[in-house]
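Below: the structure, in structure tokens.
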There are 2 protein chains.
Amino acid sequence: MAVGRDQIITLAIQHLNEDPTASMAQLAEATGVSRATLHRYFAGKEELLVVLGSRALDGWERVQRQAAIEEAAASADPARITTALHELLTGLVNDVQEHGFALTEHVMTKLPGLQERADELEEREIAFYLAAQRAGVLRPDLPVRWISNTVYGLLVAVRESLRRGDVARRDIERTLLETFLRGTS
Amino acid sequence: MAVGRDQIITLAIQHLNEDPTASMAQLAEATGVSRATLHRYFAGKEELLVVLGSRALDGWERVQRQAAIEEAAASADPARITTALHELLTGLVNDVQEHGFALTEHVMTKLPGLQERADELEEREIAFYLAAQRAGVLRPDLPVRWISNTVYGLLVAVRESLRRGDVARRDIERTLLETFLRGTS
DNA sequence: TTCGTTTGAGACATCCGTGTTTCAAATGAT
DNA sequence: ATCATTTGAAACACGGATGTCTCAAACGAA
């Protein structure tokens with residue numbers, strides 16, 4: 001077999017991380033396939049982007065599940081919540097490395113279905129942050145949605161730091177956690 | 001007089017904050033001017049974007065100057081540096097409200113001259129953060145470029161929080177400062 | 001009012017990205 | 001080796017955005 005569908009998806013994501021404005025022709029070239037074949041796998045650019053966006057959301061959902069944020073929130077146990085928070089942020093860092101382009105690309109949010117699913121995942125995470133506030137793990141005086149946006153913004157910072165080589169890959173989780181929890185002073 | 005050049009610039013920025021992918025036709029309509037007139041003021045879309053991007057950079061530079069970050073850094077006085085840091089972040093919040101679209105829009109960074117100037121401003125700010133670290137105002141164990149990226153990421157969080165109404169405008173500076181300096185725990 | 005300037009509407013050419021189709025070549029299984 | 005399937009290259013149509021141009025209308029100053 002030449003280049004499979006999954007491989008196309010992977011390579012397309014990699015290329016979009018470098019150039020989020022890539023055209024179908026550029027994506028075809030980057031994935032080692034002709035424009036015609038790319039259209040045989042995906043009906044159009046919109047469908048391709050929906051698939052890639054769904055992959056990114058799959059990764060996000062998987063991170064939430066592996067960190068068991070719902071169970072930790074339900075337990076109301078500070079230790080469990082703290083552990084889940086660490087696992088969540090660590091997993092998100094991995095995800096950002098793979099699907100970082102989806103973070104700030106405005107085109108993704110206009111595709112059918114993606115925004116709704118992203119909102120659901122965000123709401124789940126907000127519920128977790130709220131439980132963390134109630135358990136004394138996170139400050140209760142900050143708006144919980146601000147906390148959610150803070151994580152989002154810091155992930156953008158992570159993406160840029162890794163892209164520009166400002167922080168070593170092996171240090172980034174600890175740096176993110178330190179900054180998020182204790183700040184910069 | 002009908003609509004002046006400065007007014008076009010202001011309205012165009014406002015519209016791009018809502019729709020960063022706006023076409024020249026949409027910008028003409030949003031600024032209350034015909035497409036022909038828009039082209040009389042600006043040779044092309046690239047020139048228009050360069051002008052708008054320069055405005056955003058002007059605002060950034062003005063904030064740095066008004067906060068007197070260079071003088072504060074040179075003084076090595078913790079109190080002065082702290083004051084400058086507060087003024088810097090407060091000013092950046094204002095700037096983000098006006099020129100938020102330029103924060104994450106990739107098209108801006110490819111325009112001639114803009115990236116170079118943005119790099120200069122960033123380097124000045126990094127020098128200030130470094131002085132803040134040496135003065136004990138900011139943690140010395142974090143990479144200074146990470147701190148710079150953190151500010152950038154948190155400004156993205158500020159933009160989104162204001163856009164979605166998650167945080168009141170009058171609370172956002174304090175919230176940002178608290179989060180940046182002391183973290184979320 | 002008169003005259004020079006500015007503007008808007010529309011037509012037009014051009015470019016670029018998307019999407020489709022065709023056909024020959026490459027591939028792969030038997 | 002044969003035959004069915006898949007692929008690539010090229011050509012084509014199409015739409016949207018950009019940029020240019022013209023001319024009549026609106027405007028503003030004298």
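The values are calculated or read from the model by the stated rules, or taken from the named source; none is laboratory data. Computed from a prediction, not measured in an experiment: that's the story for all the values here. Here the Cβ positions follow ideal geometry from the backbone for every residue, glycine too, while neighbour counts run over all protein chains shown. Keep in mind that these areas ignore ligands, DNA and RNA; they rest on the heavy atoms of the full protein, side chains included. Shrake-Rupley method; radii C 1.70, N 1.55, O 1.52, S 1.80 Å.
Some points to look at:
- Helix axis angle, B:172-182 relative to chain B longest principal axis, alpha carbon, degrees: 40
- Vicinal HN-Hα couplings computed from phi for segment A:11-28 (Karplus, 6.51 cos²θ - 1.76 cosθ + 1.60; Hz; Gly/Pro x): 5, 5, 4, 4, 5, 5, 5, 8, 9, x, 9, 4, 7, 4, 4, 5, 5, 4
- Residue-averaged 222 nm ellipticity for the protein assembly as shown, from DSSP H runs of 4+ at -39500 (n - 2.57), nearest 500: -24000 deg cm²/dmol
- Applying 1/(1 + (r/R0)^6) with R0 = 41 Å to the Cβ-Cβ distance of A:Glu116 and B:Arg65 gives a FRET efficiency near 0.40.
- Around B:Glu123: net Lys/Arg minus Asp/Glu count, Cβ-Cβ under 12 Å: -3
- The same position A:Arg163 in the other copies lies at 1.6 nm from this copy, comparing label points 7 Å beyond Cα toward the beta-carbon, shortest first.
- Annotation: amide H-H contacts under 5 Å for B:Arg139 (H modelled 1.01 Å from N, sequence separation of 5 or more, or interchain): A:Ser185.
- Shape category assigned to the protein assembly as shown from the gyration tensor of Cα positions, a/c cut at 1.5: oblate
- Residues of type lysines that B:Lys45 reaches as a straight line, Cα spacing below 23 Å, ignoring anything fewer than 8 places off in the same chain: B:Lys110
- Its Cα gyration tensor gives segment B:1-90 an equivalent ellipsoid, and the semi-axes of that ellipsoid, as √(5λ) in whole Å with the largest first, are 37, 12, 10.
- Computed magnitude of the charge dipole of segment B:1-137 (debye, nearest 20; Cβ of K, R +1, Cβ of D, E -1): 280
- Compared with the dominant Cα axis of chain A, that is its longest principal axis, helix A:144-164 is turned about 50°.
- For the chain pair B and A, the buried solvent-accessible surface (1.4 Å probe, both sides summed) amounts to about 3500 Å².
- A:Ala68 long-range amide H proximity, modeled H, under 5 Å: none
- A:Val50 contributes about 40 Å² of solvent-accessible surface, heavy atoms of the protein only, 1.4 Å probe.
- Against chain A, whose longest principal axis is taken from its Cα atoms, helix A:114-134 shows a tilt of about 20°.
- Remark: relative contact order (segment A:1-157) = 25 percent; criterion is Cα-Cα distance under 8 angstrom and separation of 6 or more residues.
- Mean separation of Cα pairs under 8 Å and 6 or more residues apart, divided by the residue count, gives segment B:62-103 a relative contact order of 42 percent.
- Distance between the C-alpha centres of segment B:104-123 and segment A:129-185: 25 Å, rounded to the whole angstrom.
- Each residue of segment B:35-43 is assigned a 3J(HN,Hα), and the resulting list reads 4, 4, 5, 4, 6, 6, 7, 10, 4 Hz, derived from the Karplus form 6.51 cos²θ - 1.76 cosθ + 1.60 (θ = phi - 60°), x at Gly and Pro.
- Under a 5 Å amide H cut-off, with hydrogens placed 1.01 Å from N, B:Asp19 pairs with nothing among residues at least 5 apart or on other chains.
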